[in-house]
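Structure record follows, encoded as structure tokens.
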Amino acid sequence: MLESPPQPEDSATGDGEDWRIYLGTGRPHNGVERLPEPPQWRRFGGGPLITSALPEDRQGAERARGYQITDEAIEMVNAALYLRRPLLVTGKPGTGKSTLAYSVAYELGLGPVLYWPVTSRSTVDDGLYRYDAIGRLQETNLFQSTGRTEEIPDIGRYLTLGPLGTALLPWARPRVVLIDELDKSDLGLPNDLLNVFEEGRFEIPELARLPEDQSLAEVMTSDGTLRAPVRRGQVRCAAFPVVVITSNAEREFPPAFLRRCLRLDIQPPDEQALTQIITSMLGEEAVAASADLITHFLDLRDRGAVATDQLLNAIFLVTSGVRPPESTRARLRANLIRDLEAAGTL
């Protein structure tokens, strides 16, 4: 059962927190239903609404469990929710940039995160849809050669929406899409995303060219949850999705792209937050048994680049029932918690 979000406390200063939709508590609730109408310039009017129930995202729940988030990050997530704008999240590797998307989806009950890992070869079409033209041609020729033309499958069978394309369907409640490590992309991809972010829609030309009697096609979503109806090749959102874009700040983005995003820079967790993460993931006993690893990690982080998951891996290994001798423990500490930037130069 979903929990209702806590009610704001009355105070003489009027500093109640009732404006927050995402609370960052890691506990599911129905607060997204309190989200007000978007600004006039961010209303897109797609429909008919898709109200299908979405499966529970167990993997996402595991990723979100124990996530420690700052007040600044909570504020920027809520700003993105209210303004219906993408959130560009920057920070060092291992600071929880991508986990933020899973935390939002899990807490607000928005279904599985739609994940788009960006590479140097990624194009905007990879995120919007894929069309298997060769598969369609082969099956069409097969049915025609056997005289079964009436059984030729609908074109929608050969189309699959990408993660961003799926998020832009007219869902009754916004979906969460994670565009991971955009800074790895070709220089043109951020600019290619501008129109999609601004208009909240895109066109599938293969469907737009069909005759009127074939104007409606059902295409598969990227997560395989349903076949969605698309008319005349037009996909338009009703509620702008929660778009989380991560970047390791390896390059700058064009000003026009940045203007359409809200920006959040996530700093590495301090010692207190780090202890809370370890406690929530591995238990209090793990914290007590790994003081030397935590000290080594914090010391190395002051001088180089290390990620929190390196520390979690090391602590798990030495506290999960395996008891290596001290000499082995020292080598494991050195090899599992290494400066990422130094390792990259080998």
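Things worth noting here:
- Scanning region 72-85 for residues that are over 30 Å from LEU216 (Cβ atoms) and touching a Cys at 6+ places or on another chain (Cβ under 8 Å) turns up at least one hit.
Matching residues to (1) out of contact with any helix residue (DSSP H, G or I) (no Cβ under 9 Å at 6 or more places or on another chain); (2) not in a loop (DSSP other than H, G, I, E, B):
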{"position": "ARG173", "(1), (2)": "no, no"}
{"position": "ASN191", "(1), (2)": "no, yes"}
{"position": "PHE202", "(1), (2)": "no, yes"}
{"position": "GLY224", "(1), (2)": "yes, no"}
{"position": "GLU250", "(1), (2)": "no, no"}
{"position": "PHE253", "(1), (2)": "no, no"}
{"position": "ARG263", "(1), (2)": "no, yes"}
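- Helices (runs of 4 or more DSSP H) wholly inside region 78-168 that include at least 2 residues being crowded, with 24+ Cβ neighbours inside 10 Å, modelled with pLDDT of 95 or more and among the small types (Gly, Ala, Ser): 97-108, 163-167
- Extreme residue, surrounded by the most Cβ atoms within 10 Å (Cβ to Cβ), among residues of region 255-286 that are of a type in the set (A, V, I, L, M) and closer than 11 Å to LEU311 by Cβ: ILE278
- Taking residues in region 216-229 that are within 14 Å of PRO55 (Cα to Cα) and touching a residue at least 60 places away in the same chain (Cβ under 8 Å), and partners anywhere that are aliphatic (A, V, I, L, M) and not in a strand (DSSP E or B), the pairs with Cβ atoms closer than 8 Å and at least 6 places apart or on different chains are THR221/LEU169; THR225/LEU54.
- Pairs with Cβ under 8 Å, 6+ apart, first in region 169-192 and under 18 Å from THR51 (Cα atoms), second basic (Lys, Arg): LEU169/ARG175; PRO170/ARG236
- Residue count for region 37-60 satisfying the condition of being surrounded by fewer than 17 Cβ atoms within 10 Å (Cβ to Cβ) and in a helix (DSSP H, G or I): 5.
- If only residues of region 64-73 that are part of a helix (DSSP H, G or I) and surrounded by 19 or more Cβ atoms within 10 Å (Cβ to Cβ) are counted, the one that is modelled with the highest pLDDT is ALA73.
- Residue within region 235-250 that is loosely packed, with under 13 Cβ neighbours inside 10 Å, at pLDDT below 90 and over 17 Å from ARG175 (Cβ atoms) present: yes
- Some residue of region 281-291 being out of contact with any Lys or Arg (no Cβ under 7 Å at 6 or more places or on another chain), at pLDDT 85 or above, of a type in the set (S, T, N, Q) and not assigned by TED's automatic domain parsing to the domain that holds GLY66: no
- Considering only residues in region 14-55 that are among the basic types (Lys, Arg) and under 24 Å from ILE277 (Cβ atoms), the one that is nearest to the chain's Cα centre (by Cα) turns out to be ARG27.
- Considered as a group, the residues in region 287-307 that are in contact (Cβ under 8 Å) with a residue 12 or more places away in the chain and more than 14 Å from ARG338 (Cβ to Cβ) include one that is surrounded by the fewest Cβ atoms within 10 Å (Cβ to Cβ), and that residue is ASP292.
The values are calculated or read from the model by the stated rules, or taken from the named source; none is laboratory data. Computed from a predicted structure; not experimentally measured. Counting neighbours? That spans all protein chains shown, and the Cβs are built from the backbone with ideal geometry, glycine included.
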